[in-house]
Structures are given as structure tokens and as C-alpha cells.
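Q: Could you have a look at this structure, given as C-alpha cells, before my questions?
The values are calculated or read from the model by the stated rules, or taken from the named source; none is laboratory data. None of these values were measured; they are calculated from a predicted model. In this analysis, Cβ positions are derived from the backbone assuming ideal geometry, glycine residues included, and neighbour counts consider all displayed protein chains. Please note that ligands, DNA and RNA were not included when accessible areas were found on the heavy atoms of the full protein model with its side chains. Shrake-Rupley method; radii C 1.70, N 1.55, O 1.52, S 1.80 Å.
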Amino acid sequence: MGTTVNCRATQLIDGDGGFNVSGLNNFIETSNMASCDLSYAVVAILGPQSGGKSTLMNHLFHTDFTEMNALRTRSQTTKGIWIGKCTGIEPCTIAMDLEGTDSRERGEDDTTFEKQSALFALAVSDILLINMWCHDIGREQAANKPLLRIVFQVMLRLFSPRKTTLLFVIRDKTKTPMEILEPILREDIQKIWDAVPKPEAHVHTPLSDFFTVEVTALSSYEHEEDKFKMEVAILRQRFCNSIAPGGLAGDRCGVVPASAFSLSAQNIWKDIRENKDLDLPAHKVLVATLRCEAFANEKLSHLPSDKGLLKLKEELQSGPVKGLGEKLSAIIDTYLSSYDAEALYFDESVRNAKRKQLESNALEIVYPAYTTTLKHLRYKALDDFKTKLGSSLNNGEGFASSCRMWTESIMLNFDIEAADASVRQANWDASKARDKLRRDIDFHASAVRNEKLFEIAANSKKQLAKALAEPVESLFKEGGKDTWLSIRNLLIRETEAAVSEFLDRIAGFEKKEETVEQIQPILRNRARKVVEDKAREGAGKVLSLMKDRFFAVFRYDNDSLLRVWTQDEDIGAITRDALSASLKLLSNLAAIRLEEKPDNIDSVLYSLLSAASSSVDPLASSTWEEVSPEDTLISPVECMSLWTQFEGEIKDPVEQAMEAQAAGKQDSIASSVFKLIDSVGEVAKSVVDVAKSVVKTTVGRSLPPQPKIMNFSPPALLPPKNPILLLEELHTSHLLPKD
């Protein structure tokens, strides 16, 4: 493509309808449009005067259309139809800037040219931008609806229709989401299309056969220039490769080569100018709509920067402002009074409608101040509720009664303060904020309630676990006959006590039945888990417990005194008792028996004590009959393995006891001999004493000195003498007579 030379904006059609043939030809030549064949697109813009069309086109396509100086005048800037070459967009794109509709210079009755230029734009363009204000959406005498109605009708009658893209550019978008505005706009367009009289061939033809409707929205150029430019830059990207499949341009059926564009445009304009059907009655309502709308927009544009409003917003940053509603009402009244003075001589119905719209838009501007106030009030009220409820609970007052009292007090105070913030011109409803506050209060109360209940429940579970843990552990260690029966009774007793204590502690919460129904199973499950955990803990160290139990029975008697392995102790019987006690402990920890169901664990395990042999080993199994896998702690085969290991570890202590008993028997025999010798010695001594006494009495004299009687006490390490030999020794010594 060649280089563009001196390609400035050119007037295609002047204000009187004259077609600038030489100017168009020069433009086509200097822009190198003629060499594009079919690779070009035409974009036109339609909209009311002073709507920023030229400004939009220049920012969007980098053209040089003349723009209105808003600081000097709001009069007509673009007269007739102008064209310019879009810079930096491929393929070659021609921009067409149309004279604004409803211009003061043409007057309210001279609208023929407006209709003709709009129809021309539709006929030659691939993409037609409809420039409209956001607040025009949904209004009958706005957004160029009358123009579109005529354009649709005449285009169907004059030309072989081509599919054109209608891109509605919504200017100065508001906070109302486009998801809400776009369906309204599309519905209005469809209604216009449906109402347009159509040739018989197109009576049932849908709008989509002739037009692709697109909608986009831009921020205010005057108040949000940077944002406006950024959004326009994004929109500009949609015009690149616009004629490619799926591009922004229409189907381009009937498009003429670029070299024939001038001739085609001349003939189209000639046909439009000669069609008398386009001479429509003047629309006074439309003129009034545009003028009153301009007045309203001017007032509205100053409201956001109003000093009084800015001061209120600044004060609102730190909290609610007393008397906010009346202050906002006074600001709005000032702008409405100014509008009334300027719009006094226009159509009354339009004037009043635009005043209402101005009031509505003004309320939208100040509405954030109202909602901010409600938010402050809601936060403050919620904080007050939290503080006062906490204080009441700390003082020991009932939870339910405190909640009711402070909820009523806080909500009443919120209603009073919300009414103070209400604006006189509006019928704003604080119910949503009130409902939100009530939900927040209920949520906090529920959270506190749940926290307190959880704390009470946690303490109850802790106490219940403490009440069960040691007794259950002790019962397992004792390995008694009715261990699981005792555990079940203990479980029922302690659980019921915990539930009863819990219910007493939550009495002030005015407990609901469902709360009780939820907590009771939790406590019962907690109690059950404590028992199960203790059982699993015991099963994990069952071998150690079995040995402890065995030695407790084996080494200590019924009075808990340490056994002395004398001849009176039946070691075999004691061993059997100790083994039986250990086996019972193993049986207790083999499975969880919280349900009172019969099982054969005891009988199977006691076969370990039986000497009888069987062809079928009942312990050669991984499961117990009548016991679920979940309740099984030690399988039969594991029990057998544990028992074998257990027997090996107690063997030596039992043998040591038997050896001690045997040694004690020998010591007993020696002790008896020592006692006998001691007794004989005492007897011999007594006999000698008696003999001396008899001799002395009979003879009357003392006996001669006698040999010393031998000491008959044997040395500790020497065996005692035979008692017979001892007696003979006494006779030999003349201490005893031989008779």
C-alpha cells in the first residue's frame, strides 16, 4: 500500500446537501483508498449535537475532525458530513463524521437533512456508531429512536439491504451495570424494528438479518478523561481486521470496489435527496428533550464537585454526620431550582420529565453518602451490641435474656439514626441495612452462643474423659472376670452424669431441643472413644500387662504379702491361678465389648491352659466369631503368638521359685536336728542337777569334784552327734547310772 499524502478530513456533503465530488475524489486519491479494492471499511457516527461525536472519532481513529470548544460555545461544530482516514488501523478504514441531530442552527422544524444524512450513513457504512447518553436508555424521545425508525423503514424500501453493524456507544456511563442497561436498549431497538412497516418480502425478516447490534460504554470525557482514553484505546482494537471473518464489520454483501466508492456514494445521496417521504413533521418534543436534557446535564455535572457535598463526604470518612439527610436535601434543592429557571419555557411534560430525571440522577450522586452513613451506623450498632452482650455475660446474666434485651435496644436506636440520614426528595429504604444489622447481630449472638456451648461441651468431654480414663485403665490391668460388664456400667453412669451436668450449665441459653440432641450423642461418643482408646492402648502393651498380672498373683498372696516358698506353698496351683489371671486379661483386651453380645473368646483362649489336643486349632484364625473386625484388637493367631512369648518369659521365675522351695526343705531338716540336740543337752543338764541333789541329801556330804560335762552344742558348721552315743557318753562319765 502506498504512502498517504496530505490526507486531512474532507467535507463530503455540505450543510445544504451539496455533494463535494472533487473533494471525495481527491480524498480517495491521497488516502490511496482506490488501491484497496474490497479491502476497506467505512465507519460512521450518528448522534445528537454537542454529544462528543467528533471527540470520540478523533480519539478512536486518530483523525482530525473539528471539535467543539466546550469552554466557548455549545453550538454546531460539524456541518454536513465529513470523512477522514483512520490512522494506524488495518485494513484501510474510512471514518465519517455526521452533523449532529437537533441542532439549534437548523431549528426544530428542519430535520430533513438529519434524516437524510443518517440514512446515507447506514447505506454506505459497514459499521455505524450510535452515540448516545447513558441516561437516554429506555426513553422514547431519546437515543435517536425516531431517526432509527425512519432509517430502518426507508433503507428497506430504497436499497438491497446489506448487513451493517450498529455499535451503540453509551457515553458517560453511570453506576448502573451494563448487564441491566444493555437488555433494555436491545429491547427498544427490537421494538422499533418490529414496528417498522416492511415490504412483503421482508415482513417476517428478523433484525439480525440486516443488522448486528453491539453495545459498548465509555466513561465521561470531561470528568474521567484518563479512564475515557483508556476505554477508547481498548475499543480501538476491535476495529483492527474488522472485515475479517468474525470481525466487527457486517457481511459486506454488495460492497463496491474502492475505486467505485465515489460514484456509488453520489448515486446513493441523489436517491436519498429526491425521496420526499423523508420530509417528516417537526418534533417539538424531541427539541425540548434535547434542550432540557442539556440543562439537566449541566447542573448534574457540577453536583459532584459541590463544596457542601465534598465537605459532607470528608466528614463521613471518620463516622456518621448528624443531620445528614437535611443537609443533602438542601444541596439537591439548589440544583433543582436552577434547572427550573432555565427550562421554564420548554414543553411542560418534557420539562417535568427531565427534572425528575435530574432529581433521580442527583440522588444517585448523593446516595453513596447515605449508604456510607448507614454502614457507619450499622458498624457502630454492632460494636455496641458486642460490648453490651459481653458485659452482661461477664456479670453472670443469662445469655438468652441478655440477647433479647440488647437486640431490641440496639435496633431501636439504629432506626432513629437511619431516619435522621434520610433525604427528603427520596423514598430510600433503610430496611436492607437494618436487615443486615439484624443478621450481623444474630450471627454474632449465634457465634458467642456456639462458642460458649462449645466451651461447656469441651469441658464436659474433658471431665468425662478424666472420669473414665483411670478407672477403665485400672479395670483392664486387674483383668477381672466381669471387666467389660464393669466398664459398661461405668460408661453409662459417667455419661449420664456428664449429660446431666451439661444440661444444667446451659440452662441460661434457653437450649433448643436440637442442641440437646446434638450434644448428647457427642458426649456419649466421646465416652465410648475414651474406652476404646484405652482398650487399644492396653492391647498395644498387652504382653507387659499380662506379665504384671501374672507376677501380681504368683508372687503375692491374698493379703498382698510377698510369698515365701515354703513346703506349704503349692507352686503348681499358684502358677495355674496366675496363668489363668493373665489369660483373662488377654481375653479382655482381645476385643472391644461395649455391646452386651455373646462371644467365644474366653473359651477359645482357655484352651491354651488345657493339655488336651485337638485336630482343629481354634486359635489358628485371624477373626473371632461374633466379633466385628472393627472391634477386634488382637486376633486369635496373635493371641497364640503372644501366649507363647509370655510362657517363655515367665518360665525362669517359676523355676526359681521351685528351686527356692527345694532349698528351703533341706534347711528345715537341719534346723530340726539342731533343735533336737539343743533339747537333749538341756535334758542331760537337768539330770545331772537332780543327781547332785539326791547324793547330797542321802550321804550328807558333798560330792568330790567331778569331771566337767562336755558341751553338747555342736559347732555351727559340724553335724550334731548321734543322741544314743551322747547318752552312752553320759553313763561313762558316771553322770547317769547305767540302770
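Q: Going highest first, how would you order 551-562, 391-402 by mean Cβ packing within 10 Å? Don't jump to the answer; show the numbers that get you there.
A: Values: 551-562: 11.8, 391-402: 13.8.
Per-residue mean Cβ counts within 10 Å order the peptides as 391-402, 551-562.
Q: Could you calculate the FRET efficiency of ALA260 with SER318 from 1/(1 + (r/R0)^6), where r is the beta carbon distance between them and R0 is 56 Å, rounded to 0.05?
A: FRET efficiency, ALA260 to SER318: 0.20.
Q: Taking amide H positions as placed 1.01 Å from N in the peptide plane, with prolines and chain starts having none, which residues 5 or more places from TRP428, or on another chain, fall under 5 Å of its amide H?
A: Residues meeting the amide H criterion: VAL423.
Q: Now for a separate question. May I ask you to list the chymotrypsin sites (Phe, Trp or Tyr not before Pro) in segment 319-386 that are in a DSSP loop and have at most 15 other Cβ atoms within 10 Å of their Cβ?
A: TYR345
Q: Under 5 Å between amide hydrogens, which residues at least 5 positions from PHE168 or on another chain qualify, with H placed 1.01 Å from N in the peptide plane?
A: Residues meeting the criterion, in which the H sits 1.01 Å from N, are ILE130, GLU214, VAL215, THR216.
Q: Each label point is 7 Å from the Cα along the Cα-to-Cβ direction; what then is the distance between the points at HIS204 and LYS311, in nm?
A: In this crude spin-label approximation the distance works out to 6.8 nm.
Q: Determine the sum of side-chain charges near GLU29: Lys and Arg each +1, Asp and Glu each -1, restricted to other residues whose C-beta is under 15 angstrom from that of GLU29.
A: +2
Q: Taking θ = phi - 60°, what integer Hz values does the Karplus form 6.51 cos²θ - 1.76 cosθ + 1.60 yield along segment 28-41, in sequence order, with x for Gly and Pro?
A: With coefficients 6.51, -1.76 and 1.60, one gets 4, 6, 5, 8, 6, 5, 4, 7, 7, 6, 9, 8, 7, 9 Hz.
Q: Give a quick list of trypsin sites (Lys or Arg not before Pro) in segment 402-505 that DSSP marks as loop, anything other than H, G, I, E or B, with at most 14 other Cβ atoms within 10 Å. Mind dumping the intermediate values first?
A: Values: sites: ARG404, ARG424, LYS432, ARG434, LYS436, ARG438, ARG439, ARG449, LYS452, LYS461, LYS462, LYS466, LYS477, LYS481, ARG488, ARG493, ARG505; in loops: ARG424, LYS481.
Those satisfying the criteria are ARG424, LYS481.
Q: Ignoring everything but the protein chains, give the 1.4 Å probe accessible area of ILE416 in square angstrom, nearest 10.
A: 110 Å²
Q: Along the charge dipole of segment 573-649, Cβ charges K/R +1 and D/E -1, which of ALA578, SER621, MET640 sits furthest on the positive end?
A: Final value for the positive-end residue is ALA578.
Q: While we're looking at this one, here's another question. Students often get this wrong, so check it: of LYS313/LYS375; LYS307/LYS432; LYS356/LYS432, which have C-alpha atoms separated by over 20 Å?
A: On the way: LYS313/LYS375 14 Å; LYS307/LYS432 30 Å; LYS356/LYS432 25 Å.
Distance filter (> 20 Å) returns LYS307/LYS432; LYS356/LYS432.
Q: List the residues of segment 406-436 whose backbone N lies under 19 Å from a point placed 7 Å from the Cα of ASP384 along the Cα-to-Cβ direction.
A: Answer for segment 406-436: 406-422, 430-436.
Q: Moving on to the next point. Summing +1 for each Lys or Arg and -1 for each Asp or Glu, what net charge is found among the other residues whose Cβ lies under 13 Å from the Cβ of ALA433?
A: Combined, the nearby Lys, Arg, Asp and Glu give +3.
Q: Take ARG576, ARG355 and sort them by solvent-accessible surface of the protein heavy atoms, 1.4 Å probe, largest at the top.
A: Numbers: ARG576 150, ARG355 75 Å².
From most exposed to least exposed: ARG576, ARG355.
Q: To the nearest 0.05, how large is the calculated FRET efficiency for VAL637 and SER431 if R₀ is 41 Å and r is the Cβ-Cβ distance? Before the final figure, lay out each step's value.
A: Numbers: r = 72 Å, r/R0 = 1.76.
Efficiency, from the Cβ-Cβ distance: 0.05.
Q: Right, another one. So how do 49-57, 262-270 stack up, highest first, on mean other-Cβ count within 10 Å?
A: Values: 49-57: 23.8, 262-270: 16.3.
By packing density, highest mean first, the sequence is 49-57, 262-270.
Q: Related question: Would you tell me the accessible area of GLU659, worked out with a 1.4 angstrom probe on the heavy atoms of the protein chains, in Å² to the nearest 10?
A: That residue has around 120 Å² of solvent-accessible surface.
Q: What nm distance separates the two modelled labels at SER401 and THR644, each placed 7 Å from Cα along Cα→Cβ?
A: Here the modelled spin labels are 7.2 nm apart.
Q: Here is a further query. Whole-Hz ³J(HN,Hα) for each residue in segment 456-470, computed from phi via Karplus 6.51 cos²θ - 1.76 cosθ + 1.60 with θ = phi - 60°, x for glycine and proline: what do you get?
A: 5, 5, 5, 5, 5, 5, 5, 5, 5, 5, 5, 5, 9, 4, 5
Q: Right, here's the next one. Take the solvent-accessible surface of the protein heavy atoms, probe 1.4 Å, and return the percent of it on segment 378-533 that carbon and sulfur atoms account for.
A: 50 percent
Q: Residue-wise, which Karplus ³J(HN,Hα) couplings in Hz belong to segment 426-436, taking 6.51 cos²θ - 1.76 cosθ + 1.60, θ = phi - 60°, and x for glycine or proline?
A: Using θ = phi - 60°, the values come out as 10, 10, 5, 10, 8, 5, 5, 5, 5, 4, 5 Hz.
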